[in-house]
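Novice: Here it is: the structure, laid out below.
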Amino acid sequence: MTSIENSYGHPLERFHASLANLRAHPTTFTLEPYNGCSQGCTYCMYNQETNQQKKPSVSHRDMEELREFLMQSDHRFITSIGHSCDSYQPLERRLEVTRNILKVFNSCNFPVLLFTRMQGVLRDADILEEMGNKGLVEVVSTLISLDEGVRYHLERRSPTAEQRLHVVRELARRGIPASFHLTPHIAGLNDEKQLGSLLRHFQNAGAKRVYFSLLGITSSIESKLLQALKAINPLVEKNLMKSYWDIENCGFYQVSESLLIEEHEKARSICEDAGLEFFSEQIPVFSKGNGHEGIYRFKLPIIADFCTYFQERKKRFIVWEDLMEYLSHFDTVNKEYIGKVREYWDTAQLFKNTFYHPICQGENICYSQQDHLDLTKFTLPRRE
Ligand code: SF4
């Protein structure tokens, strides 16, 4: 074990705590420069309390500790910055916390996936350009609609669509890899023509890929969200909840399979037409693109990578040793990560939403390839 693994949680937080992350995120660590986000989006499931205070505070300040932490590592890994609070809060103009963090990552030659939709990121284009030249950065903005009415009701304190497109255009012009997060994708909010236009705007701005996932709904955001959607388009609001259900009665609404697949198929096909790579954060087999360039040279493999690897080798039947052999190609894989993978393997969840289905072999679980997706089956009672 490296000292970074021993120092779990400080100053970087490990990221792979859930199956959803293992399915979608190739980053080893996450770092939040701020606590809380001034944009307070209606659909935001992170930090509802701190976001609503509209007064983010500084989360990470000790740059020497961070530098030491990175320098002690015996291999490089990706850190996601600002994943749950935008990296360029208004405070950043004065405090330069994100800028200083980027300086440390750049000087230590560690890759970052930087999340922001703010124009403030252009101030740091000098550092990002250097990192871009070394294949050590990707900047991800979020844009779910070109319609100002949507922004007004769902993300009133975020920059306009044009401002976000401008940021990506400028980054791309300077050779800094940039992408868009089409998340949360809200069914019915954009018709096919509008979705096509949105994705063409991404492509014209110079984005390379789109990260995609459907809206998640929790009881803490439900009422405000539905109110906002009703104001945008009553039909969207009326239809949406027919496809979501709190199956386990735990305050988290799951989206129906049919809607999940339908929206993925539509978005992926439009992405392909627009010449954009498509990365699904929910159904691994829908991802299409090169996930091994730039910062992804230092990735942790995600479930889509497992599937691609075995499918390319025409593996119809996978045993644990096959997976271990594959994982041995990655420096970033450690005992803790393998422990998580094993947990999901043993509970028959690892290849959920893929073409590999769990089967029993004696007392062990293995996976065999089928011609239909392995989605958990459930029937939604309809809400009227
Ligand atoms: S910008 Fe992102 S982190 Fe901030 S409130 Fe909106 S969704 Fe949440």
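Bear in mind these aren't lab numbers, they're just calculated from the coordinates by the rules spelled out. This one's a predicted model, so the numbers in the text were calculated from it and none came from an experiment. No Cβ is skipped: glycine too gets one built from the backbone with ideal geometry, and neighbour counts run over all protein chains shown.
Novice: Counting pairs of alpha carbon atoms under 8 Å apart in space and at least six apart in sequence, what relative contact order in percent does the chain give?
Specialist: With pairs under 8 Å counted, the relative contact order is 16 percent.
Novice: Mind sorting Ile338, Ile81, Ile302 by how few other Cβ atoms lie within 10 Å of their own Cβ, fewest first?
Specialist: Numbers: Ile338 15, Ile81 26, Ile302 23.
Neighbour counts put them in this order, fewest first: Ile338, Ile302, Ile81.
Novice: By count of other Cβ within 10 Å, fewest leading, how are Thr347, Thr27, Thr332 ordered?
Specialist: Details: Thr347 12, Thr27 27, Thr332 17.
Going from sparsest to densest Cβ surroundings: Thr347, Thr332, Thr27.
Novice: As a test, work out the antiparallel percent of DSSP beta bridges whose residues both lie in the chain, rounded to the nearest 5. Please report the intermediate quantities before stating the final value.
Specialist: Working: 17 of 39 bridges.
The antiparallel proportion sits near 45 percent.
Novice: Okay, next question. Cut-off is 10 Å between beta-carbons; in what order do Ile217, Ile261 appear when sorted fewest neighbours first? List each step's numbers first, then the result.
Specialist: Values: Ile217 24, Ile261 16.
Listing Ile217, Ile261 from fewest to most nearby Cβ atoms yields Ile261, Ile217.
Novice: Show me 241-254, 132-145 ranked by packing, highest mean number of other Cβ atoms within 10 Å first.
Specialist: On the way: 241-254: 14.7, 132-145: 21.5.
In descending order of packing, they fall as 132-145, 241-254.
Novice: Could I ask something else about it? So what does log10 I(q)/I(0) come out to for the range 42-188 at q = 0.09, 0.10, 0.11 Å⁻¹, using the Debye formula with one equal point on every Cα and no solvent?
Specialist: Those come out to -0.29, -0.36, -0.43, one per q.
Novice: Also, I was wondering about something else. Please list the non-local residues whose amide H lies under 5 Å from the amide H of Leu350, H modeled 1.01 Å from N, same-chain partners needing a gap of 5 or more.
Specialist: Trp345
Novice: Read phi for every residue in the range 262-270 and hand back ³J(HN,Hα) as whole Hz from Karplus 6.51 cos²θ - 1.76 cosθ + 1.60, θ = phi - 60°, with x for Gly and Pro.
Specialist: Once rounded to whole Hz, the list reads 4, 5, 5, 4, 5, 5, 5, 5, 5.
Novice: Is it possible to state the helix-based mean residue ellipticity at 222 nm for the chain, with each DSSP H run of 4+ residues giving -39500 (n - 2.57), the sum divided by total residues, to the nearest 500 deg cm²/dmol? What is it? Mind showing how you got there, number by number?
Specialist: Numbers: 16 runs with 151 residues, N = 384.
About -11500 deg cm²/dmol.
Novice: Then there is this: Give a residue-ordered list of calculated ³J(HN,Hα) values for the range 89-105 (Karplus: 6.51 cos²θ - 1.76 cosθ + 1.60, θ = phi - 60°; whole Hz; x for Gly, Pro).
Specialist: Coupling constants for the range 89-105: 5, x, 4, 4, 4, 8, 8, 6, 5, 4, 4, 5, 5, 4, 4, 5, 4 Hz.
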